[in-house]
Amino acid sequence: MEKKIFMVQYSAEQLQEVISAGVKRQLDEFSKHFQPKQPNEYLTKRQVADLFNVDISTVHSWAKSNKIKPLGMGSRVYFLRSQIEESLIPLNQ
């Protein structure tokens, strides 16, 4: 059974407003559940050392003791900024 909808009661402007309101409601609902993916930021050992004002050997030690997780590509070592920030722990709880 085919449904037919007649819009005799709307002017062109009113129809445009009704459609715009419907689209806005759908976009508002979508934006409530949409979580944009943040791009990953990769840091070198030097950048991590500079970030915490420590020597590169300290960064190497942290990576070796699994305090921070190193990622590699070829002979290069990188760290995800988000993982570095997650590895920080509050001192006073």
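What to note about this one:
- Here S82 does not qualify as loosely packed, with under 10 Cβ neighbours inside 10 Å and of a type in the set (G, A, S).
- Scanning segment 29-45 for residues that are surrounded by 10 or more Cβ atoms within 10 Å (Cβ to Cβ) and either in a loop (DSSP other than H, G, I, E, B) or aliphatic (A, V, I, L, M) (or both) turns up N40, E41, L43.
- The residues of segment 40-83 that are in contact (Cβ under 8 Å) with a residue 12 or more places away in the chain and hydroxyl-bearing (S, T, Y), listed by number, are Y42, T44, Y78, S82.
- On the stretch given as segment 62-74, residues that are touching a Lys or Arg at 6+ places or on another chain (Cβ under 9 Å) and assigned to a strand (DSSP E or B) total 0.
- Scope segment 49-93; condition touching a helix residue (DSSP H, G or I) at 6+ places or on another chain (Cβ under 8 Å) and among the acidic types (D, E); matching residues: D55
- Looking at V59, V77, V18, V54, just one residue is of a type in the set (A, V, I, L, M, F, W, C), surrounded by 10 or more Cβ atoms within 10 Å (Cβ to Cβ) and either within 21 Å of the chain's Cα centre (by Cα) or in a strand (DSSP E or B) (or both), and that residue is V77.
Read-outs throughout are calculated quantities, based only on the coordinates presented, and are distinct from any laboratory measurement. The model shown is predicted, which means the values in this text are computed figures rather than measured ones. As a convention, Cβ positions derive from the backbone with ideal geometry for all residues, glycine included, and neighbour counts pool all protein chains shown.
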